[in-house]
Amino acid sequence: MPSASLPSSFRWNDFTHPVVAGLISVIVNYGGTFILVFQAAKVAGLSAELTASWVWSVSIGVGVTGIILSWMSREPIITAWSTPAAAFLVTALASVPYAQAVGAYLICGAAFVVLGLSGWFDRVIRLIPPGVAAGLLAGILLQFGIKAFGGMSLEPLLAGLLIVAYVVLKRFCARYAVVGILLLGLVFLLVQERIDLSGLSLTLAAPVFTMPAFSVNALLSVALPLFLITLTGQYMPGMLVLRNDGFQTSANPIVAMTGLGSLLMAPFGSHAFNIAAITAAICTGPQAHEDPSKRWIAGIAAGIFYTLIGVFGVTLAAVFMAFPATFITTLAGLALLGTIGASLASAMADPKTREASLITFLAAAANITLLGIGGAFWGLVIGLVAHAVLNGRLPHRASTAVISPAPAGKRVG
């Protein structure tokens, strides 16, 4: 992975938006999906110590790999745990001994290291037509945009306040729109006494080593599904997010590095982690910084926040999970509006491929689940079939990127 030189003109103001974008992505991740980890731990019958070790290992692993990748590439490489994999483990751990599950995590991590070093992931993802890729990303993100406004039915005052504030801030000081609604929402919740920090105590987490065990049952029922779910549900849409915002870093070192991190952290309870998809879009677009060359700071910031949470284990994760669901969904949806709009514009740009891109968008938005595999994979399959039928053939490797917007340095914010 080539390392770009540091930009020469950095001001303190350049750090504000990327750092806030990194913070929001972390809040959305813990507040929105981390409950699945606790559910899986409960199903597996893990003790409080083993659960805290899981939180420690996945948070530290995600944080460190994100910092390293963002620093080396000078691009906002946001890493995260595999959310669909965590959902899968809620049921899988009920029938597999924990030590064998840890062994399956090791096998899965090693498989991703091999995949990254082989170079095959980059070769495959470059075959995806730009319109199909943009339609897929827009479809994946659509549900988050809808949920931002769906909160009006549940908590009209909170959701309405955030939406109105976002529109007003976009009109008069667009750069501070996302920062503004984050701060305004936190103040609103504190005034309403809906965030209770009185019992908060920062307790250091202690990693607990589990000796892995291996079995054919765990290989087939945990390791293989975990690998496929993470590959199709996280790595592929995660790379689409990067490409959509003009970043061209090869997927191979990202897959290899996160696979290595998963491999090292598996004995302490961490399941697979990978490049982020939804939360990455918060950090890769213009809302993080109008200058793409400075958005990598968001990757560093997110990594630091993840690491801090990991050090203090369950304590800080529980704080984020205490935020009202409406606050999390509205904040995430509004922060992703720019990315959704840009993806739709890119998907519909070419009249020749517009219908295939539209089919991809709708299929991904439908979030089809078949054979235990999520909507991102099926949206991609349907889109590729539609593109092949409507346009005669899949394109050869003429393009070197999944999505081909304007170069990162010339992208209109």
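Compute the accessible area per residue over region 238-285, keeping the other protein chains in place, probe 1.4 Å, unit Å².
Averaged over the residues of region 238-285, the accessible area is 16 Å².
May I ask for the Rg/Rh ratio of region 224-355, computed from Cα atoms with Rh as the Kirkwood radius, given to two decimals?
Reported Rg/Rh (Cα atoms, Kirkwood Rh): 0.99.
Whole-Hz ³J(HN,Hα) for each residue in region 207-217, computed from phi via Karplus 6.51 cos²θ - 1.76 cosθ + 1.60 with θ = phi - 60°, x for glycine and proline: what do you get?
Those phi angles translate into x, 10, 7, 10, 5, x, 10, 10, 8, 4, 4 Hz.
Averaged over all directions, how much area does the convex hull of the C-alpha atoms of the chain cover when projected, in nm²?
19.7
Rolling a 1.4 angstrom probe over the protein heavy atoms, how many square angstrom per residue are accessible across region 65-135?
Ligands and nucleic acids excluded, the result is 31 Å² per residue.
Once neighbouring chains are kept in place and the probe is 1.4 Å, which whole percent of the accessible area of region 39-118 is contributed by carbon and sulfur?
Within region 39-118, the accessible surface is 71 percent carbon and sulfur.
Can you tell which of Thr16, Ile304, Ser215 lies farthest toward the positive end of the dipole of the chain, using +1 and -1 charges on the Cβ of basic and acidic side chains (Lys, Arg; Asp, Glu)?
Thr16
Which is the longest stretch in the chain that no exposed loop site breaks, taking sites as trypsin sites (Lys or Arg not before Pro) with a DSSP loop state and at most 10 other Cβ atoms within 10 Å?
My reading of the result: 12-351 is the longest stretch.
Charges only on Cβ, +1 for Lys and Arg, -1 for Asp and Glu: so what's the dipole of region 86-215 about the Cα centre, in debye to the nearest 20?
460
Within the chain, which whole H helices from DSSP have a Cα span along their axis of at least 20 Å and a mean Kyte-Doolittle hydropathy of 0.5 or more, if any?
Within the chain the helices that satisfy the rule are 13-33, 48-73, 98-118, 130-154, 156-172, 177-191, 251-265, 296-311, 375-391.
Tell me, what ³J(HN,Hα) does each residue in region 266-277 have, in order and in whole Hz, if you take phi through Karplus 6.51 cos²θ - 1.76 cosθ + 1.60 with θ = phi - 60° and put x for Gly and Pro?
Karplus-based 3J(HN,Hα) across region 266-277 equals 4, x, 9, x, 6, 7, 4, 10, 6, 5, 7, 10 Hz.
Of the heavy-atom accessible surface of region 270-387 (probe 1.4 angstrom), what whole percent is carbon and sulfur?
Heavy-atom surface of region 270-387 belonging to carbon and sulfur, 1.4 Å probe: 75 percent.
The values are calculated or read from the model by the stated rules, or taken from the named source; none is laboratory data. On a predicted model such as this, the values are computed, not experimentally measured, just so you know. Neighbour counts run over all protein chains shown; Cβ positions are idealised from the backbone, glycine included. These area figures cover heavy atoms from the full protein model, side chains too; ligands, DNA and RNA do not enter into them. Shrake-Rupley method; radii C 1.70, N 1.55, O 1.52, S 1.80 Å.
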